[in-house]
Structures are given as C-alpha cells and as structure tokens.
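The structure appears right after this line, and notes come after that.
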Amino acid sequence: IPDREIVLFVSIRSYDEFIASIYCEGLRWSWQSVSFADFWTRLDIDSLRWPFLLRRMTDALRPAKIVVWRYEDFKDHAEQITSELAFGSLSSLNREVSTTLKSSMSHEAVRRIESLIGRCGRRATAQLVPFIDKMYSKDRGYTPFSPWSCDQRERLRELYESHVRQ
C-alpha cells in the first residue's frame with residue numbers, strides 16, 4: 001500500500017545457533033537430506049551476517065522504522081516485543097503472549113539422519129526425518145544439535161556480539 005510507512009521487524013540470533021537451526025529446518029522441510037559438512041561448504045557465511053542482511057533489507061524497503069531484537073532476549077521481553085509487533089495494541093490481540101520457542105533438533109537426531117544419507121539416499125532419508133526428529137527429540141532428554149568445536153562456537157559468538165554492537 002503506497003500511503004503506508006514500512007516498519008521492519010527483525011529478530012537476530014547468535015550465529016552458532018542460527019546456522020545450526022537453518023540446517024535443521026532444512027532437514028525438516030527439504031525433499032532430500034544433506035550432511036552438515038555439505039551444507040557448510042555450500043553456505044556463504046558472509047551473506048548471513050546481520051549487518052549485511054539488515055543493510056540489504058533497508059536498501060530494498062526503505063523503512064520508516066526498524067525494530068531489531070536479539071532472539072536470545074525473547075523469553076525475557078516477549079510481551080514488550082509482541083506489543084511492538086502489534087503496534088502497541090497488545091490488548092487487541094486478546095491472547096496471552098507465549099514465551100515458548102520452537103524446539104531445535106537434537107544432536108543425536110542429526111547424527112542418525114546423516115548416517116542414513118549414504119545408506120538410503122538423500123530422498124529416502126528426507127522422508128524419515130520427521131520420525132527420527134521425534135524419536136530423538138530434546139523433549140526426551142537429547143542435547144541440541146551443535147556442530148561446532150568450542151573454538152568455533154566462541155568465534156561465532158564473538159562475531160555476533162560485535163555485530164550486535166554495530
């Protein structure tokens with residue numbers, strides 16, 4: 001609508017968790033599975049950096065206002081963030097704000113999925129992903145998927161914090 005101002009809402013997330021989450025969502029929704037190693041070699045990390053993405057979005061949209069929040073802060077500020085998303089009319093939503101975040105895949109689920117790719121093929125494995133995801137869910141006590149060494153995780157988090165300050 002040409003006579004409306006554009007407000008850009010963006011949630012940014014720590015790169016280590018964000019990249020792992022992108023991969024897991026890709027496993028959940030793709031018609032063929034790929035290993036994290038294959039995914040990582042094809043990923044253009046520079047195009048995922050928050051300052052770059054925000055610059056591209058603002059150049060394209062020319063928003064009148066930009067609202068950015070850290071994904072990690074959502075639980076503590078859910079009502080404030082949701083009110084901002086509702087343009088201050090949180091009461092008109094007539095529902096309680098949920099602070100429950102979608103659960104990511106477990107490390108064990110991803111390990112099992114990746115082990116099937118070579119034996120069953122990428123398409124057949126993709127069809128098994130929902131079952132494996134449920135069987136080895138974090139709700140059953142499995143740890144979240146994280147493909148990083150301690151040094152890699154620390155470097156990604158430092159990069160993220162420097163971008164948050166920008």
Q | Residues being open to solvent by less than 70 Å² (accessible area, probe 1.4 Å), within 21 Å of the chain's Cα centre (by Cα) and either free of Cβ contacts under 8 Å to residues at least 24 places away in the same chain or farther than 17 Å from ALA20 by Cβ (or both) - total across segment 117-140 | A | 2
Q. What number of residues within segment 84-116 are open to solvent by 80 Å² or more (accessible area, probe 1.4 Å) and either at pLDDT 95 or above or touching a Leu at 6+ places or on another chain (Cβ under 8 Å) (or both)?
A. 2
Q. Out of all the residues in segment 60-82, which are surrounded by fewer than 12 Cβ atoms within 10 Å (Cβ to Cβ) and in a strand (DSSP E or B)?
A. LYS65
**Q.** Selected residue (only one of ALA37, ALA64 is aliphatic (A, V, I, L, M) and under 30 Å from ASP133 (Cα atoms))
**A.** ALA37
Q: For segment 35-59, name all the residues that are farther than 30 Å from THR125 by Cα and open to solvent by less than 90 Å² (accessible area, probe 1.4 Å).
A: ARG49, TRP50, PRO51, PHE52, LEU53, LEU54, MET57, THR58, ASP59
Q) Within the set of pairs 6+ apart or on separate chains, which have a first residue in segment 54-74 that is closer than 17 Å to LEU85 by Cβ, a second that is in a helix (DSSP H, G or I), and C-beta atoms under 6 Å apart? A) VAL67/GLU84; TRP69/ILE81
Q | Answer from LEU53, LEU48 - the residue that is within 30 Å of TYR136 (Cβ to Cβ) and in contact with a helix residue (DSSP H, G or I) (Cβ under 8 Å, 6 or more places away or on another chain) | A | LEU48
Q | Cβ-Cβ under 8 Å pairs, at least 6 apart or on other chains, segment 141-158 side part of a strand (DSSP E or B), far side open to solvent by less than 60 Å² (accessible area, probe 1.4 Å) and aliphatic (A, V, I, L, M) | A | PRO144/ALA20; PRO144/MET105
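The values are calculated or read from the model by the stated rules, or taken from the named source; none is laboratory data. Because the structure is predicted, anything quoted here is derived from the model rather than measured. A quick note on method: Cβ atoms are made from the backbone with ideal geometry, for glycine too, and the neighbour counts reach across all protein chains shown. Ligands, DNA and RNA are excluded from the accessible area calculation, which covers all protein heavy atoms including side chains. Shrake-Rupley method; radii C 1.70, N 1.55, O 1.52, S 1.80 Å.
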